[in-house]
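Take a look at the structure set out below.
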Amino acid sequence: MRMSSHLLTSKGMRPVHPLTKLYFTVSTVVLCFLLDVTAQVFIACLLLILCVLTRQRRSIFKRFLRYVLPVVILVLLLNVLIYPESEKWISLFGFRVNEVGFHFGLIVSLRLSVMSLSLLLFFVTTPPHLLATAVLMKGASPRIVFVFLHSLQLVTTLRRKIGKIFIAQASRGLDVKGNPFKRVKALFPMLLPLVFSYLSESLERGLALELRGLGIHGPKSYLVELKESGTERVANLLLLLGTSTVILWKLLQWLIR
Amino acid sequence: MKNVLESFRTSIRKETSGVSIPFIAFGAALNLSLGQIAGLLKLPVYLDSIGTVLVAVLCGPWAAVIAGSVANTIGSITFSPPSVFFIPTVIVIGAFTGIVARHGVFRKWYTALPAGVIQGLLAAAVSAPISAYLFSGITLSGMDFLVMFFRAEGKSILLSTFLQGLIADPLDKAITYTAAWVIVRQLPHRIVIRFPRYENVFPSSD
């Protein structure tokens, strides 16, 4: 099965195994907390290059601009304008800003950007079914993997259903625009049909899953065969060793202090 | 020690089998979708843990922890990358709800409501350091203006996020627990009996 359209690729590069990407993501997130600003800038640049190289770059940057950038800007602004622990002020683009707050805001914003970019790069370039297969092959619980995949599918279904229930209940006379107390009361006629409709489905689906042997032990076969290359195995090991070394080093520093 | 581990394993297996598995997935998806209902009804609450609470009542604490963690991971993929960092909060919500549900808290509204308030206080205590140290108190949750207000008053980031949580979370969780009580109270006995923790809703003498 071809996977190149989904995975982190550029022209001439082979698809990267989902677990290597997972290790890379966890490492960058952990390291951006432990390392100094220079290292964080380096990680941010590396992530930016990787994002530009992927085919899903548009989706990554779109989500970043829509969901992350407003938080980053707010974090920076809040610290610049109201940083209670400092009275030092500097001039920036003609505005008088709190110096310590500005530096603190920059560090937090950078950390937030690195974490979010890393997570977006991983989740946007890794299709859930491939990630699921990869973790299953490593011995993860099939039940938890099913929960993850089924929830992903259900989110869109439920949102559509909520819209329908809202219109149906409003047309039956449900007061959805009254005072706060009435609106809290309106919550229940919307929630109950949603939960009840899925409860009976849960019973059927649970039975079907048991019949298909979801919790069965023993060797399994997979629809998609994912193989780790030697380079990926070395990369995984290096990422694990590198991150563990930094964690231990920081722990030692903290203990000596 | 071996016995404790074995009892944990049995408990996890009991809570994550049969009808529980699709219901855990539903709980996770419900957490992510209920913000939409709160938005449609213009309610100033998150309602983002009602799925976890329902799973905790009907399936148990382990199942609720899975539902909450999966919901936050999916939240990170779909619309809110920071939500994965709030997994410790959902672990506390799931575990606490599962434990209090075993004591019959969801059989009466007057026990569910105060339990929700306590849950809110706990959630505020766990979320505050995450919100303060990772996001400097700003998470675009709609309650950020409170953090800004407290910081302008000269309070530290940690204290500001904690105070914001103290104001928002108990109300949110009290509504969530009451909603869960209303839902489980109306569930037909023949359906509830299929769930591993049915005795949380109907006492075994029923």
Exercise for review: Name the one entry in A:S200, A:S244 that is assigned to a helix (DSSP H, G or I), open to solvent by less than 80 Å² (accessible area, probe 1.4 Å) and either at pLDDT below 85 or in contact with a helix residue (DSSP H, G or I) (Cβ under 9 Å, 6 or more places away or on another chain) (or both).
Suggested key: A:S200
Practice item. Would you mind telling me which numbered condition in (1) at the interface with chain B (Cβ under 7 Å from one of its Cβ atoms); (2) within 16 Å of B:L54 (Cβ to Cβ) A:R159 fails? Key: (2)
**Study point:** Filtered residues of segment B:55-79 (kept if more than 9 Å from chain A (Cβ to nearest Cβ) and outside any helix (DSSP H, G or I))
**Key:** B:C59, B:G60
Exercise for review: Hey, could you check segment B:119-135 for residues that are surrounded by fewer than 17 Cβ atoms within 10 Å (Cβ to Cβ) and over 16 Å from A:L106 (Cα atoms) and say which is farthest from the chain's Cα centre (by Cα)?
Suggested key: B:P129
Check your understanding: Does A:V124 count as free of Cβ contacts under 8 Å to residues at least 40 places away in the same chain, assigned to a helix (DSSP H, G or I) and closer than 28 Å to A:R57 by Cβ?
Key -> no
**Study point:** Of residues in segment A:110-133 being in contact with a His (Cβ under 8 Å, 6 or more places away or on another chain) and crowded, with 22+ Cβ neighbours inside 10 Å, the one farthest from the other protein chains (Cβ to nearest Cβ)
**Key:** A:T125
Check your understanding: Among A:A170, A:A132, which is the only one that is outside the structural domain of A:L47 (by TED's automatic domain parsing), over 29 Å from A:C32 (Cα atoms) and among the hydrophobic types (A, V, I, L, M, F, W, C)?
Key -> A:A170
Practice item. Could you look through segment B:145-201, keep only residues that are surrounded by 16 or more Cβ atoms within 10 Å (Cβ to Cβ) and aromatic (F, W, Y), and pick out the one that is nearest to the chain's Cα centre (by Cα)? Key: B:Y177
Point to revise | Condition check for A:M137: more than 7 Å from every other protein chain (Cβ to nearest Cβ) and under 28 Å from B:A63 (Cβ atoms) | key: yes
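Results for (1) within 29 Å of A:F146 (Cα to Cα); (2) over 29 Å from the mean Cα position of the chain (by Cα), shown as yes or no for each residue.
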site	(1), (2)
A:K182	no, yes
A:E204	yes, yes
A:L209	yes, no
A:L238	no, no
A:L251	no, no
Point to revise | Search result, residues across segment B:76-118 that are in contact (Cβ under 8 Å) with a residue 40 or more places away in the chain, surrounded by 22 or more Cβ atoms within 10 Å (Cβ to Cβ), farther than 18 Å from B:V57 by Cβ and not polar (S, T, N, Q) | key: B:P82, B:F86
Check your understanding: Looking at B:V4, B:V57, which one is modelled with pLDDT of 80 or more and open to solvent by less than 20 Å² (accessible area, probe 1.4 Å)?
Key -> B:V57
Review point. So, of the residues in segment B:28-42 that are at the interface with chain A (Cβ under 9 Å from one of its Cβ atoms) and surrounded by fewer than 18 Cβ atoms within 10 Å (Cβ to Cβ), which turns out to be nearest to the chain's Cα centre (by Cα)?
Key: B:Q36
Check your understanding: Cβ-Cβ below 6 Å, separation at least six or inter-chain, first residue in segment A:5-28 and in the same structural domain as A:E232 (by TED's automatic domain parsing), second acidic (D, E) and modelled with pLDDT of 50 or more: which pairs?
Key -> A:H17/A:E228; A:H17/A:E232; A:T20/A:E232
Exercise for review: Under 8 Å between Cβ atoms, at least 6 apart or on separate chains: pull out the pairs that start in segment B:10-27 with a residue that is more than 7 Å from chain A (Cβ to nearest Cβ) and end on any residue that is polar (S, T, N, Q).
Suggested key: B:G27/B:T52
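The values are calculated or read from the model by the stated rules, or taken from the named source; none is laboratory data. Treat the numbers as computed from the prediction; the structure is a model and nothing was measured. Cβ: placed from backbone, ideal geometry, glycine included. Neighbour counts: every protein chain shown. Surface accessibility is based on the protein's heavy atoms, side chains included, excluding ligands, DNA and RNA. Shrake-Rupley method; radii C 1.70, N 1.55, O 1.52, S 1.80 Å.
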